[in-house]
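Structure first, then comments.
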Amino acid sequence: MNRLTELIDWKLTFILDAIVLTLLMVAGIGWFGALVLTEILMWLVRLLWLSPMMLRFIGRRLLHMIPLVLLVLAIGFLLIQIAPGDIFTQLALNPDIRTEDLERFRDNFGLTDPWYIQFFKYIWNVLRGNFGYSEIFKAPVFTIVRQRAAATILFTVTSLILAWGFSIPAGVIAATKQYRWQDQTVSVFAFVGLAIPNYFLAFLLLYLITATSNPPGTWLPIGGMTSIDHNTLSLLGRAWDVARHLILPVFVLGTSIMAGLTRIMRANMLDILNQQYIVTARSKGQTERKVVYRHALRNAINPMITILGFQISAILGGSALVENVLAWPGLGRVILQAILSQDLYLVVGSLIYSSILLVIGNLLADILLAVVDPRIRVG
């Protein structure tokens with residue numbers, strides 16, 4: 001392998017991007033998902049040249065993901081079994097359905113087996129590409145998760161970008177202007193964002209929009225991801241249509257995220273600005289801007305990056321209520337419906353998605369920490 005990397009320039013691997021992207025799209029993956037997968041795979045390949053130590057670190061973390069996902073699935077199966085009833089319980093209220101038919105349905109779905117037998121059967125089916133069948137949506141679980149996950153990823157990633165883009169400079173301003181009007185303004189905004197629940201803020205905004213527009217939704221959409229005439233619009237028109245529908249849910253979810261991050265960033269900056277090396281940098285005659293943004297910010301942002309790893313997964317739970325209130329067609333709504341209906345395989349499929357997000361989020365956080373902090377750089 002070392003001989004091969006010496007003979008081939010790593011920049012030549014960019015030629016393979018188009019080939020891998022085409023193959024993934026031919027396999028039935030959408031262009032956005034295919035593009036993301038292509039870049040992930042190809043940059044992992046490029047690490048053979050750029051940082052073999054980092055590649056081994058990522059490989060070990062991905063291997064650690066396997067027992068973690070299995071443990072989450074096992075706990076999920078156990079908790080669903082502890083809950084009374086199953087997905088066919090509501091059918092028992094229908095007088096036209098016989099008890100023998102219900103028992104046959106449960107037997108066909110494997111619900112009569114002990115939970116650990118169901119667990120091992122499910123794992124065996126997953127290894128063969130079968131993630132189960134959703135009874136409430138009448139479709140394969142993998143198809144439902146794949147369709148709804150794209151909307152949720154778009155929603156949550158946009159919210160994270162908005163929250164981080166605001167909270168970092170706001171926290172720096174609040175810390176450098178401590179007890180002044182800038183700090184008081186940022187603090188009031190952060191406390192309001194933390195105090196108001198997401199779903200309640202969504203209801204307030206829906207009322208405000210419907211009360212100030214006639215008919216409702218003329219100046220800002222109040223639900224869904226696209227308009228009725230979305231397919232008739234041009235490419236730019238469809239993008240703008242989705243962006244307009246994103247404004248309300250992203251504002252609701254992003255407000256609560258940025259409120260907490262702003263308080264953390266402010267506290268980190270205040271702690272760093274009182275450190276001895278900051279005093280030394282000032283005594284050497286460096287400008288305040290250089291002291292704050294070159295020395296203090298780089299160290300204050302490290303705990304924020306650690307939080308990012310958990311946020312990527314935790315944001316899925318926070319987005320579920322917002323998606324239901326604002327009718328956003330994401331995976332959060334599906335998860336709530338699956339839990340309420342006790343749709344076993346759809347719940348477990350969602351657990352797999354959440355677990356993978358948690359592991360990938362922490363992996364990204366570790367990589368970003370290695371990039372911004374030379375003290376913990378891998379290798």
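Since every read-out is calculated from the coordinates, none of them should be taken as a lab result. It should be emphasised that the depicted structure is a prediction, and the values quoted were computed from it without experimental measurement. Using ideal geometry, Cβ is built from the backbone for each residue, glycine included, and neighbour counts are taken over all protein chains shown.
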Q) Taking chymotrypsin sites (Phe, Trp or Tyr not before Pro) that fall in a DSSP loop and have at most 11 other Cβ atoms within 10 Å as cut points, what is the longest piece of the chain between them? A) 1-178
Q) Using a basic spin-label model with each label point 7 Å from the Cα along Cα→Cβ, how many nm lie between Tyr207 and Val45? A) 5.6 nm
Q: Please give the helix 235-273 orientation as an angle from the longest Cα principal axis of the chain, in degrees from 0 to 90, rounded to the nearest 10.
A: 50 degrees
Q | 5 angstrom amide H check on Ala139, placed H, neighbours 5+ away | A | Ser134
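Expressed in nm², what is the orientationally averaged projection area of the convex hull enclosing the Cα positions of segment 61-104?
Value for segment 61-104: 4.3 nm².
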**Q.** Residue with peak Gaussian network fluctuation, the chain [Cα springs, cutoff 10 Å], from Val347, Val322, Val126
**A.** Val126
(Q) Among Asn324, Asn299, Asn125, which one shows the highest mean-square fluctuation when the chain is modelled as a Gaussian network with alpha-carbon springs under 10 Å? (A) Asn125
Q) Taking trypsin sites (Lys or Arg not before Pro) that fall in a DSSP loop and have at most 13 other Cβ atoms within 10 Å as cut points, what is the longest piece of the chain between them? A) 181-283
Q) Arg244 versus Ser187, label points 7 Å from Cα toward the beta carbon: distance in nm? A) 4.1 nm
Q: Mind telling me which of Ile117, Ile19, Ile80 comes out most flexible in a GNM of the chain, alpha-carbon contacts under 10 Å?
A: Ile19
Q) Computed over the Cα atoms of the chain, what is the convex hull's projected area averaged over all directions, in nm²? A) 26.4 nm²
